[in-house]
Amino acid sequence: MQTGKQLSTSIDATVPTAARMYDHYLGGKDNYAADRGACEELDKVVPSTRVLAVNNRRFLQRVVRVLAEDHGIRQFLDHGSGLPTQDNVHQVAQRIDPETHVVYVDNDPMVLVHGRALLEQDERTAVIHADMRETDAIFEHPDTKRLIDFSKPVAVLFNSVMHCIPDSDTDGPLDVARRVAARLAPGSCMVMCQLVSEDPEVREFVTGFMDQVTQGHWGRVRRQEDVAEWFEGLEILEPGLVEVSTWRPDTEVAPRQLTHEWIEFGGVARVP
């Protein structure tokens, strides 16, 4: 059973957040010295992180385009969306169909402030402040109900966010994935990927480091087999579960993840 999670509505510039660290890696300006310092420390052990973040963003953009163009998806629910940057989900999808509806979900109050400012004039897009584990609250939120018709196919995105969810008997990533999938109409799609490593030292260091710097707002780096479990019962689209820079690249010379101390691993699946 889901329980209410108290979300902070204040911005603490002294405590790094995953959203602001990601923003820094993507070259954004909506981050603080604490976020940049945490990235510098992380880079000492996993120096491919900036490339990984950029490749993950490109994966998201390709996924949204493919789902809109090839699968006719016109509704997107983006969990843990992060701070607005270039070519956000609604921008990619609405280039294909301007009537596409998008709901962004994030627990970082800074995301809420910047997102709502960006989307103030867009009635087809909304940002809601919620913990991505709170499936009922998200699905029943007035903005979600206004924009998303769950009797029709919808694309639900968990792009590079499951590693922020701690393991739990009721609210771990597997529980969240199954709970969401159970509420979707056939033909809906789920996009799920997270940071994985087959190196136990990398998993232990990054998990401990991020848990410390974010003051407990972190889950863990997992293994590929953990991610695969989330897709059970779904129809995985080609090319399957992969390191995300290899998921339907735009060209043969598209950037690839060249170092593999850790990777973004996952894919896209259809609800049968």
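The values are calculated or read from the model by the stated rules, or taken from the named source; none is laboratory data. Worth saying up front: this structure is predicted, and the values here are computed from it rather than measured. Heads up, the Cβs are rebuilt from the backbone with ideal geometry, glycines too, and the neighbour counts pull from every protein chain shown.
Residues checked against (1) modelled with pLDDT of 95 or more; (2) in contact with a strand residue (DSSP E or B) (Cβ under 7 Å, 6 or more places away or on another chain):
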residue	(1), (2)
Arg179	yes, no
Pro186	yes, no
Met192	yes, yes
Gly208	no, no
Leu237	yes, yes
Val242	yes, yes
Glu264	no, yes
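Residues of segment 48-74 being outside any helix (DSSP H, G or I), within 17 Å of Val191 (Cα to Cα) and either out of contact with any His (no Cβ under 9 Å at 6 or more places or on another chain) or modelled with pLDDT under 90 (or both), which ones? Reasoning before the result, please.
First, the residues of segment 48-74 that are outside any helix (DSSP H, G or I): 48, 72-74.
From the residues that got through so far, the ones that are within 17 Å of Val191 (Cα to Cα) too are 72-74.
Across segment 48-74, the qualifying residues are Gly72, Ile73.
Tally the residues that are assigned to a loop (DSSP other than H, G, I, E, B), under 25 Å from Ser188 (Cβ atoms) and of a type outside the set (Lys, Arg), restricting the search to segment 209-248.
Let us first name the residues in segment 209-248 that are assigned to a loop (DSSP other than H, G, I, E, B), namely 214-221, 223, 231-234, 237-241, 247-248.
From the residues that got through so far, the ones that are under 25 Å from Ser188 (Cβ atoms) too are 219, 231-234, 237-241, 247-248.
This time we only want the ones that are of a type outside the set (Lys, Arg), so: 219, 231-234, 237-241, 247.
Adding up the residues that qualify gives 11.
Which of (1) of a type outside the set (A, V, I, L, M, F, W, C); (2) modelled with pLDDT under 85; (3) at negative phi does Gly82 not meet, given it meets every other one?
Checking Gly82 against (1) of a type outside the set (A, V, I, L, M, F, W, C); (2) modelled with pLDDT under 85; (3) at negative phi, the one that fails is (3).
So in segment 100-129, with the set limited to residues that are in a loop (DSSP other than H, G, I, E, B) and buried (at least 20 other Cβ atoms within 10 Å of the Cβ), which one is modelled with the highest pLDDT?
Ranking the qualifying residues of segment 100-129, first place goes to Thr100.
For segment 210-235, how many residues are more than 18 Å from the chain's Cα centre (by Cα) and among the β-branched types (Val, Ile, Thr)?
So the answer is 1.
Could you list, in sequence order, all residues of segment 1-47 that are surrounded by 15 or more Cβ atoms within 10 Å (Cβ to Cβ), among the polar types (S, T, N, Q) and at pLDDT 80 or above?
Thr17, Asn31
When you go through Glu232, Glu198, Glu204 one by one, which is the residue that is in contact with a helix residue (DSSP H, G or I) (Cβ under 8 Å, 6 or more places away or on another chain), loosely packed, with under 15 Cβ neighbours inside 10 Å and not hydrophobic (A, V, I, L, M, F, W, C)?
Glu198
Return yes or no: is Phe139 under 29 Å from Glu243 (Cα atoms), modelled with pLDDT of 95 or more and of a type in the set (Phe, Trp, Tyr)?
No: the conditions fail for Phe139.
Restricting to segment 215-229, name every residue that is farther than 11 Å from Gly266 by Cβ and buried (at least 17 other Cβ atoms within 10 Å of the Cβ). Outline the logic, then answer.
At the first step, the residues of segment 215-229 found to be farther than 11 Å from Gly266 by Cβ are 215-221, 223, 225, 229.
Selection gives His217, Trp218, Gly219, Arg220, Val221.
Can you name the residue in segment 85-99 that is buried (at least 22 other Cβ atoms within 10 Å of the Cβ) and of a type outside the set (A, V, I, L, M, F, W, C) and, of all such residues, is modelled with the highest pLDDT?
Of everything passing the filter in segment 85-99, His90 is modelled with the highest pLDDT.
Let me spell it out: the conditions are (1) modelled with pLDDT of 90 or more; (2) more than 23 Å from Asp167 (Cβ to Cβ); (3) of a type in the set (A, V, I, L, M, F, W, C); (4) out of contact with any strand residue (DSSP E or B) (no Cβ under 7 Å at 6 or more places or on another chain), and Val253 meets all of them except one. Which number is the exception?
(1)
Does segment 139-156 include one or more residues that are part of a strand (DSSP E or B), hydrophobic (A, V, I, L, M, F, W, C), over 20 Å from Arg270 (Cβ atoms) and under 16 Å from the mean Cα position of the chain (by Cα)?
In the first step, residues of segment 139-156 are kept if they are part of a strand (DSSP E or B); the result is 155-156.
With hydrophobic (A, V, I, L, M, F, W, C) added as a condition, the list becomes 155-156.
Retained after the next criterion (residues that are over 20 Å from Arg270 (Cβ atoms)): none.
Within segment 139-156, none of the residues are part of a strand (DSSP E or B), hydrophobic (A, V, I, L, M, F, W, C), over 20 Å from Arg270 (Cβ atoms) and under 16 Å from the mean Cα position of the chain (by Cα).
Tell me yes or no: at least one residue of segment 76-83 is in a helix (DSSP H, G or I), among the aliphatic types (A, V, I, L, M) and crowded, with 23+ Cβ neighbours inside 10 Å.
The answer is no; no qualifying residue exists.
Does segment 158-172 contain at least one residue that is surrounded by fewer than 19 Cβ atoms within 10 Å (Cβ to Cβ), of a type in the set (Val, Ile, Thr), in contact (Cβ under 8 Å) with a residue 60 or more places away in the chain and not in a strand (DSSP E or B)?
Checked segment 158-172: at least one residue is surrounded by fewer than 19 Cβ atoms within 10 Å (Cβ to Cβ), of a type in the set (Val, Ile, Thr), in contact (Cβ under 8 Å) with a residue 60 or more places away in the chain and not in a strand (DSSP E or B).
Pro200 is checked against (1) without any contact (Cβ under 8 Å) to a residue 60 or more places away in the chain; (2) more than 21 Å from Ser48 (Cβ to Cβ) and fails just one. What number does that condition carry?
Answer for Pro200: the failing condition is (2).
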